[in-house]
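This report refers to the structure that appears directly beneath it.
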Amino acid sequence: MKVLIVDDSNEKVRDILAVLISAGLSEDEDIDVASCAQAAARHLKANDYGLMILDLHLPIRLSEEPRNDGGSFLLKEIGRRKELRRPEHILGLTAHDEAKASAEPEFNKGLWSIVKASSDSSEWKEAILEKVRYLRARNSTQEAPTQVKCDILFICALRKPELEQLKKAITSNWKEIILPEDATAYFHATVPVSEGQELNVICCSAPSMGMAASAALATKASLKFKPRVVGMTGICAGRENEINLGACLVASKTWDYGSGKFFGETDTESARFAASPHQLVVDPIVQTATEAIMADQAMLDGFHDQFTGNRPDRRLSVTLAPMASGAAVQADSQFFASIERQDRKVVGIDMEAFGVCWAARETFEPRPVFFVCKGVSDFANEEKADGIQEYCAYTSAHIGMEIAKTILARA
């Protein structure tokens, strides 16, 4: 897919190029740049573009100053001049409200979109990335899908910090996989484990937090790639005085703490919730692999030392204990006391673990071994902070990879 960038700001063009290259496009082969409407018209006369990224505050000619109607002028030229090849999709960028108002009628005609771009926001970069991935995924329906072997599938709740840190921890050798009719970005890498042996790893992240999004992603990825192991890494909340901030929690069992039934709610009786969770216990091989890692403090110290950002002062540790999942972020110091009736040994909570484990358990035979491994970034209380989220995502990815390698070595 070819992309045309129309923008007179060299700094913004560099930012856009970085986003497009991160999405798998080649600067030399897939991307053209024009700094005025006239130059863009010359490119449109000679090439077919899947996407045009258009700065709306744009000069008509190089010798002129940018105009608020520069972008809409180019759109009108595309509609008026038959020799100009209309791009499949156009994404407008502007920091100027007047330019946005001027161009909106033309964008509405073409069912295109405009994104507010500013130096203090990254939302416009995310919009470009998602648009490119969508168009590439849709276009790939006409190509033969590539069959990729998968030993380990990692599911992350979000792209940042979980997927980003997982990719940093495991390898730098990632390649994006584009699947027909699937807008999810999958990344594949081969990871050496011994002389002459390597494992195929695929990782991905859900579009939003929560059990539904992660379970849906785990289901479709498991059906597509047929992994031998499904793991989830990232961040969770821990139970204060039971586990330290920055420690890694491997779930010995998971369940939905919101599963049950409400009773009452009459004039004399308030609603009462009776929990009835179904708990999924991990395969014994996960416990064996985790216990081996817990005993290897030198390896854990190495993971701790490799992280270059903000990290706890204490040494990295691993705990194997129950983890419950629910539909909402918790910031209540009394929350763990309310769910310990479901399992008095519960040490962690998150929003996704049970969904991923359930999806892995219910996929087609041969079913993968599943596990959840997350770093404790807060205590689910009123003092929630984001200071060590990246550290927790990074170290949990290292530990998750070691668990998966041990499982596959003993399978």
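The values are calculated or read from the model by the stated rules, or taken from the named source; none is laboratory data. Computed from a prediction, not measured in an experiment: that's the story for all the values here. Reconstructed Cβ throughout: ideal geometry from the backbone, glycine too, with neighbour counts over all protein chains shown. Keep in mind that these areas ignore ligands, DNA and RNA; they rest on the heavy atoms of the full protein, side chains included. Shrake-Rupley method; radii C 1.70, N 1.55, O 1.52, S 1.80 Å.
Quick notes
- The set of residues in region 90-138 that are among the acidic types (Asp, Glu) and surrounded by fewer than 16 Cβ atoms within 10 Å (Cβ to Cβ) comprises 97, 98, 104, 120, 123, 126, 130.
- Region 160-183: number of residues that are at pLDDT 90 or above and among the β-branched types (Val, Ile, Thr): 2
- Residue within region 3-24 that is open to solvent by 50 Å² or more (accessible area, probe 1.4 Å), assigned to a loop (DSSP other than H, G, I, E, B) and farther than 17 Å from residue 100 by Cα present: no
- In the condition set (1) modelled with pLDDT of 90 or more; (2) not β-branched (Val, Ile, Thr); (3) not in a loop (DSSP other than H, G, I, E, B), residue 106 is compliant with all but (1).
- Here residue 27 clears all of (1) open to solvent by 20 Å² or more (accessible area, probe 1.4 Å); (2) of a type outside the set (Ser, Thr, Tyr); (3) assigned to a loop (DSSP other than H, G, I, E, B); (4) within 24 Å of residue 108 (Cβ to Cβ) except the condition numbered (4).
- Looking across region 327-360, the residues that are of a type in the set (Gly, Ala, Ser), surrounded by fewer than 18 Cβ atoms within 10 Å (Cβ to Cβ) and either modelled with pLDDT of 80 or more or assigned to a helix (DSSP H, G or I) (or both) come down to 337, 338.
- Checking residue 407 against (1) within 24 Å of residue 210 (Cβ to Cβ); (2) touching a strand residue (DSSP E or B) at 6+ places or on another chain (Cβ under 6 Å); (3) β-branched (Val, Ile, Thr), the condition it does not meet: (1)
- Among the candidates 242, 265, 291, residue that is open to solvent by 40 Å² or more (accessible area, probe 1.4 Å), at pLDDT 95 or above and charged (D, E, K, R): 291
- Neighbours by Cβ (under 6 Å, 6+ apart or cross-chain): first from region 73-93, assigned to a strand (DSSP E or B); second open to solvent by less than 80 Å² (accessible area, probe 1.4 Å) and among the acidic types (Asp, Glu): 93/55
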